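**Q** The structure's right below; bear with me while I get my questions together.
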Amino acid sequence: MAIISIVVELKDQPGQLLKVIEPISKLGGNILSIIHQRDKRTPLGRIPVEVSLQIDEKKVEELIESIKGHGIIVRSYNEVRLLATTSILLVGHIIHTDLGDTINSIDKTGYAEVVEMHISMPHLNEPSTAMVTISATGKEKLREAINLLREVCNKKNILMIEPLNEEST
Amino acid sequence: MIRIAIFGFGAVGQGVAEILMNRERIERWIGEYRVVAVADSKGSICDENGISLKEALEAKKKGSLPPGMSVMDIIDSIDFDVAIEATPTNIETGEPGLSYIKACLNKGCHVVTSNKGPLVVAYKELAELAERKGVRLMFEATVGGAMPLIKLAKRDIAGNEILSIKGILNGTCNYILSRMEQERLSYHQILSEAQELKIAEANASYDVEGIDSAAKLVILANAVMGMDVSFNDVEVVGITSITPEAFEIAMEKGYTIRLIAEASRDGLRVSPRLLPLHHPLAVRGTLNAVLIQTDLAREIFVIGRGAGKIETASAIISDLIDIYSHDSSN
């Protein structure tokens, strides 16, 4: 899955946004945010609208063509880079408590994903240790993802060792 | 002439007595003084003309102080100017130290304490009482042992807003984690080693479950960050479930693990954290280390010995000197 951001130019009349949203939902995309840039009206009176969404990267081209097919001007689109990354250690019965579900709790947010993982399982039925690297679209989102993971780990009785955040304000 | 009473005569109280026996060293700072009472839970020695610390230490070495007045009786009936309170810590009730400190402050005496309990339970009440009575309540020894922290934060970086305090406040945990880092042995193996070396107590749960660190964090948050928090406001996770593999995997990314106490606007936490190996807080052995982040002075690191008889007594002595070096009437 990729996170992309599309800027379209919409006429200031009802039903326009729907023409953008419909193709997204048809292709299984997940909308993360819609921002109307009303203060940046084009000379022809159109309003730039930025839509951020999560979608299978293979379907991006198809989505753009489909939106254009509805007569919408697509000014630009680009994949959003994951801007903030951190590594977190998990210690406990990581495998037995459904590792897939633990990772998915991050991936399904749409703004963060597990980009790397390294697991060590010393013995069967003993606690495992995993280093999980999470990336998110921004620092704030990364913090949200970490909070989410903390809730999941609390429930599953997994010790979560977070990095010491050294940033000063 | 400053009259001193010592309440609590365990390792710390004895350490203070040993330093006070060196008159030449101390009188340079505070002028003439005498110790008029030494008491612990079982006995006491009192004399308004001054007792012999040597005798008190010898009595203790042989077993205990001779039966005598209780601490409360001493506070009621003997005149002294400053109490050094070093009784055992109870972070749930604060007792018996809490009652002793209140009685001393009410009597109009300064108090220097190494006891976390009363401050964790009733910091605000005690601070207000001291102010109302026009006396000082000093507690440098409660956090970070010999490390200058309280007076540093209150005085040396006065005018700064303290944005956060992060650090290692428990030497036992730090010993265990830094040994795990180096030896890759299990938590239980290193704990046994620490117990053999008397670095960890037989019942180490107070340390390894993060309770001691959390108590110190509460004191820092209330006393130097202007918060009004209690022990229950701290989210506490200890070090007991950390595996040797955790260090192995962390090291591959250039990290190690330490138990960090952290107070900021986001809240109070004690938990194992990943630290870059070269981070100044990644100290080894029983050392303590604290990073204070402020708006003007930015980052300040303090590293030092967080426990020990003489080290902790050093903090008490510095408080005692602080009280009297600012009071020209003595």
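**Q** Mind checking segment A:75-156 for trypsin sites (Lys or Arg not before Pro) that DSSP puts in a loop (not H, G, I, E or B) and that have at most 10 other Cβ atoms within 10 Å?
**A** Hits after loop and neighbour filter: A:R81.
**Q** Could you tell me which residue out of B:A122, B:G171, A:G69 lies farthest along the dipole of the protein assembly as shown toward its positive end? Charges go on the beta carbon: Lys and Arg +1, Asp and Glu -1, centred on the Cα centre.
**A** Toward the positive end, the furthest listed residue is A:G69.
**Q** Find, among the GluC sites (Glu not before Pro) in segment B:26-78, those assigned to loop by DSSP (not H, G, I, E, B) with at most 16 other beta-carbon atoms within 10 angstrom.
**A** Sparse-neighbourhood loop GluC sites (Glu not before Pro): B:E32, B:E48.
**Q** Please list, in order, the residues from segment A:88-122 whose amide nitrogen is less than 14 Å from a point placed 7 Å along the Cα→Cβ vector of A:N78.
**A** So the set is empty, nothing qualifies.
**Q** Would you calculate the separation in nanometres between label points at B:D47 and A:K11, each defined as 7 Å from the Cα along the Cα-to-beta-carbon direction?
**A** If labels sit at B:D47 and A:K11, their model points lie 10.5 nm apart.
**Q** Same structure again: Which of the trypsin sites (Lys or Arg not before Pro) found in segment B:1-89 are loop residues per DSSP with 16 or fewer other Cβ atoms within 10 Å of their Cβ?
**A** B:K42
**Q** Place a +1 charge on the Cβ of each Lys and Arg in segment A:84-161 and a -1 charge on the Cβ of each Asp and Glu, then give the dipole magnitude about the Cα centre in debye, rounded to the nearest 20.
**A** Using only the charged Cβ atoms, the result is roughly 200 debye.
**Q** Please return the longest stretch of chain A lacking exposed loop sites, where GluC sites (Glu not before Pro) count only if DSSP places them in a loop and at most 16 other Cβ atoms lie within 10 Å.
**A** My reading of the result: A:1-165 is the longest stretch.
**Q** Could you point to the residue in B:I239, B:V270, B:V302 farthest towards the positive end of segment B:162-305's charge dipole, with +1 and -1 charges on the Cβ of Lys/Arg and Asp/Glu respectively?
**A** Farthest towards the positive pole: B:V302.
**Q** With θ set to phi - 60°, apply the Karplus curve 6.51 cos²θ - 1.76 cosθ + 1.60 along segment B:8-25 and write out the HN-Hα couplings as whole Hz, x wherever there is a Gly or Pro.
**A** For segment B:8-25, the Karplus curve yields x, 10, x, 4, 5, x, 5, x, 5, 4, 4, 5, 5, 5, 8, 4, 4, 5 Hz.
**Q** OK, next. Using θ = phi - 60° and the Karplus curve 6.51 cos²θ - 1.76 cosθ + 1.60, what whole-Hz ³J(HN,Hα) does each residue of segment A:102-114 get, with Gly and Pro shown as x?
**A** 4, 5, 4, 4, 7, 4, 6, 5, x, 10, 8, 8, 7
**Q** With +1 on each Lys and Arg Cβ and -1 on each Asp and Glu Cβ, and nothing else charged, work out how big the dipole of chain B is about its Cα centre, in Debye to the nearest 20.
**A** 440
**Q** Can I ask one more? Enumerate the lysines that A:K139 could reach by cross-link, defined here as Cα to Cα under 21 Å, with residues fewer than 8 away along the same chain left out.
**A** A:K108, B:K166, B:K253
**Q** Using label points projected 7 Å from each Cα along Cα→Cβ, tell me how many nm separate B:N203 and B:K154, to one decimal.
**A** Modelled inter-label distance: 3.2 nm.
**Q** Report, as an integer, the average count of C-beta atoms from other chains found within 10 Å of each Cβ along B:237-245.
**A** Shielding by partners across B:237-245 averages 5.
**Q** Right, next: What spacing in nm lies between the two simple spin-label points modelled at A:N125 and A:K26, each 7 Å away from Cα in the Cβ direction?
**A** Modelled inter-label distance: 5.6 nm.
**Q** What does DSSP give for chain B in terms of the percent of beta bridges that are antiparallel, rounded to the nearest 5?
**A** Close to 60 percent.
**Q** Using unit Cβ charges (K, R positive; D, E negative) and no other charged atoms, how large, in debye to the nearest 20, is the dipole of chain A about its Cα centre?
**A** 680
**Q** Beyond a 32 Å Cα-Cα separation, which of these cross-linked pairs lie in this structure: B:K61/B:K124; B:K42/B:K107; B:K62/B:K154?
**A** Pairs exceeding the cut-off: B:K61/B:K124; B:K62/B:K154.
**Q** Can you work out the FRET efficiency for the pair A:L44 and B:S241, with r the C-beta to C-beta distance and R0 = 51 Å, to the nearest 0.05?
**A** The formula returns an efficiency of 0.20 here.
**Q** What full-extension length gain, to one decimal in nm, is calculated for B:N106 and B:S70 as 0.36 nm per residue of separation minus the Cα-Cα distance?
**A** Answer, rounded to one decimal: 11.2 nm.
Bear in mind that the values in this text are calculations on the coordinates, not laboratory data. None of the values given here were measured: they were computed from a predicted structure. Virtual Cβ from ideal backbone geometry, glycine too; neighbours counted across all protein chains shown.
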